[in-house]
Amino acid sequence: MSDIKFRPRFKFRTPMHPDEIRDRLRVQVRDANPAGYRLTGNLPHMVLQHAPDQRQPWTPQMDIDLEMEQVPGQETFTVVRCLIGPAPTVWMGFMGAYILLAVLSLFAVTMGVSQRMLGEWPWALHATWILVLLGVGIWLLAQAGKRWAREEMVALKRFVDGAMGCDCLSLASEE
């Protein structure tokens, strides 16, 4: 499973029209979908994700963007961009926690230095260590989520490859 990293981005060109790609994905979701994936959105942006009752906080989803590209004198291609990663709510939750801890740490350091300059006991500097430990705990939780999501990321990739009828994402250049 070392062939896929966290939040991989894939970009490839195909002669298929975006409507055909969308239809292939819809057929795959409808007919050959033992994992219970759902395809939401419409052209040019679609999201392939697990059904709500099967999602965990670490469950990834695949964002698929389709864009027509016409090069003069050549055939028209569709540029397919895929991103496999956590749901936006999970991503923003982690970013919000990091930002909150950074602001609280800055406040604690500022207050602790002020206490020290006034000759008082700098209890706020000691609170900074608690905030740093909380930050490390959140980071460790994110690392565990990456490990838990790895197999599901590979499954999403295989599902899209099956719908496209090729090993497109393996042949794609990673952005």
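Please treat every number below as a calculation from the coordinates, not as lab data. Computed from a predicted structure; not experimentally measured. FYI the Cβ positions are ideal-geometry reconstructions off the backbone, even for glycines, and counts take in every protein chain you see.
Angle of helix 88-117 to the longest C-alpha principal axis of the chain, folded into 0 to 90 degrees and rounded to 10: 20°. Derived from the Cα gyration tensor, the three semi-axes of the equivalent ellipsoid of the stretch 9-174 are 46, 19, 12 Å, largest first. In terms of the mean number of neighbouring beta-carbon atoms within 10 Å, the peptides 77-83, 50-56, 36-42 order highest first as 77-83, 36-42, 50-56. Fewest neighbouring Cβ atoms within 10 Å first, the residues 94, 159 line up as 94, 159.
The C-alpha atoms of the chain define a longest principal axis, and helix 18-31 lies at about 80 degrees to it. Short-range pairs are left out: with C-alpha atoms under 8 Å and at least six residues apart, the relative contact order of the stretch 9-174 is 27 percent. In the chain, the longest principal axis of the Cα atoms and the axis of helix 123-164 are about 10 degrees apart. Put a dot 7 Å past the Cα of residue 154, heading toward its Cβ, do the same for residue 79, and the two dots end up 3.1 nm apart.
With the simple model of a label 7 Å out from the Cα in the direction of the Cβ, residue 19 to residue 136 spans 5.8 nm. Each label point is 7 Å from the Cα along the Cα-to-Cβ direction; what then is the distance between the points at residue 111 and residue 27, in nm? Going from the residue 111 label point to the residue 27 one covers 6.3 nm.
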